[in-house]
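Structure record follows, encoded as C-alpha cells.
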C-alpha cells in the first residue's frame, strides 16, 4: 500500500513540474511576443482585455446610442433631490416674490457668528452695488435703473408697497435667488445657508433707520469738498500775505527815502517851509499846517509805491516821521494777519458752539428735562468737536506767543517794557527791560495800560488758562458720553444720577470759564477795552448758535427718516429756544452798547467807534439776521412747529452770529483793512465741512436714541 502511494506521489510531482514549466515558458513567450524590441519580428504583441484601460467614453451632453432618449446625461430619478439640497418652491414671478415674503422665515439662529459671516459674504457679493453700509452708494451704478435704494430708505417700493426698511426676509431671499431688475441671480454662487446669513446682516442695516445713523457717502463727499475749499482759501491767504508783505526794516528804509525825496521836492517848490514874520504862536500853527500837508503828500507817495490804501484816521493822526512809518508798518501787519484772523474767527465760532452744546446737554440733565431725552445723542456728537477745535485754538495761541502773527498784540514785549537798551534800538530784536540804567532809554512803544494788565495778560498764564479750559471741557464731554452709554447697557438710575452730578459741577465750571475764555480769546484782542458784560454777551451769541446747530441736525435726521419719536412739539421747543435766546442776545447787545454810549468813557467808546465807522453794514446785517428774522418768522406758535420754517431761521441765525463773531475779532486784528472775501468765506465753508464731518461721524458710532433714560417715555409722548 505504501509503495503504491509513493508511486502515485512521484507521478503527481512530475505532472506538477511539467505544468508549472509549461506555464512559465508560456508566460515568457507571451512577454517576449508582446515586446516591440525584438529584432526578429514586427508584431506588436497581444492585448488582453483592452477595455480595462482603453474604454470608449462619451461627452456628458453628447448623443449616446445605448439609451432610449439617445442622451448620455442621465436625468435624476423622479421625486429625488441631491444630498444637502433644499428645493426652492417659488417661481421667478411677482406673485411668488410676494408669496416668498409672506411665507419664508430665516431658519438660522441669530448669532454674532452668523451675522459676522453674513457681513463677510455681503462684502464679497453685495457691497460693490449696495454700499458697505447698505446705503446704495457702492462703487457700481447702473445707467438704466439709476440709484440703488438704501436698505433704510423710507420711500415706497413699487413691487411690495412697503419701504426698503420693511422689506421681508423672503423677498430678499427671492431676489438673491432669481435676481431683481439690474441685479442678476446669485443662486449658483451663494448657497441657501449663505443667503440666509447675508439676510441676517441686511436686517441689521434695515434697523439703522430706528437705531443708528448712517453717514452717507454723498454727505461725506460734500464735507470733504468744503474742507478742500477751506484749505485752499487758507493757503491762498498765507501765500498772498507773504507775497504782498515787506519786513519792518524794508518799510522803514523805503519810507525814509520817500520822505527825503518828498521834502526836497517840497522845498524846491517853496511849498513846504514858508518863512513869515508873524508871532511864534502863528508860526507854530502855520508849521503844523505845513507838516500835515507834507505828510499827506508823503502818504500819497507811500500808497503809490506799495500799491496799498492806508487808513485815513491813522494818516490824520500821524504827526512825525515815526508815526508815518508806524502807520505803514501797521498796514502790512494787518495784511499778514488776515489769514490768521480768518482762522481764529471760524475756529472759535465752531469751538464755542461745541462748548455751548455741552452746556445745553448739561442743562437737560440738571433740569430733569423729559422732552429732550430722545435728542441727547445730538449735543453729545456736537461736543465731540471740542478736541479738534481746542487743538487748533492752542496752535493759534502758541504761534502768537512765538510772534508768527499779531492776533494778541499784548504779547509783544515792546508794549509792556518801559525801557529799551540804547545800543539795540536799531536791531531786528531790540532788548527791552523795565529796569532803568545808564544803558537804557525810554521805550516809545511802551503802553502803560497794557503794562498794567500783565499780571493777568502774560503768555505763561494765558496758555495755562487755555489748557485748563480745554482739558476741562473735553473731559466733561467724554464722561457724559461714557456714562450715557453705560446707562444704555446697565439701565437703572446709577449712571443717570452720575450724569446729574457731573452736569451740576460742569455748569459752575462753565459759568466761570466761558466768561474768562471770552476775556482771554476775544476781549484781550482789544486790550485797552473792557466790559463786565462781555462774557455773557459772547456766550449768548454762541449758545443761540448752538441751538441753531442742534435744530438743523435734528431736522436733517427727521428728513432722513430717523428719530421717529420726535414730533412737531419738539420742533416747537427748538423754535422757542431760538426765539428766546435771540431776544436775550439782542438785549445784551443793546445793554452793553447803551451803557457805553450813555457813560461816554473814552476807554470804552473806542470799541464801538471803529465798528460803527467801518463795520456798520455788518452790524446792521447781524441785527437783522439775529433779531428781526426770528421775531418775524417764528414768533407764531404754528410757525415754530414747521420743520422747514425752523430750519430756515436756524440757518439765518447761524450766519448772523458768524458775522457777530467776525465783528468781535476783526477790528482788533486787522483794523479798518478788513475783507469778507474768498479767504474769510472759504475758511468758514471749510470749517462747516470739518465740523459737520466730525459731528456726523460721531453721531453714527452709537445708537441715536438712549435706551434706558428714565424720561424716555415722556419724550416719546411729548405734547405741548
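Values as computed for the structure displayed
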read-out: Whole-Å distance, taken between Cα centres, linking the range 603-628 and the range 533-567; value: 25 Å
read-out: Ranked packing of 371-380, 434-443, most packed first, by mean Cβ within 10 Å; value: 371-380, 434-443
read-out: Least to most buried among 306, 691, 684, 612 (fewest other Cβ within 10 Å first); value: 612, 306, 684, 691
read-out: Relative packing of 339-349, 560-570, which averages over residues the other C-beta atoms within 10 Å, highest first; value: 339-349, 560-570
read-out: Least to most buried among 385, 584 (fewest other Cβ within 10 Å first); value: 584, 385
read-out: Protection proxy ranking of 67-75, 702-710, 356-364 - average other beta-carbon atoms within 10 Å, highest first; value: 356-364, 702-710, 67-75
read-out: Mean-position separation - Cα centroids, the range 322-357 and the range 434-510, in angstrom; value: 22 Å
read-out: Cα gyration tensor, the range 599-720 - rounded (a/c under 1.5), prolate or oblate; value: prolate
read-out: Proxy reagent accessibility, fewest Cβ within 10 Å first, across 151, 326, 469; value: 326, 469, 151
read-out: Centroid-to-centroid separation of the range 362-379 and the range 643-720 [C-alpha atoms, Å]; value: 18 Å
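Each value in this text was obtained by applying a stated rule to the coordinates, not by laboratory testing. Note that the structure is predicted; figures quoted are calculated from it, not measured. Because the Cβ atoms are built from the backbone with ideal geometry, glycine has one as well, and the counts that use them run over all protein chains shown.
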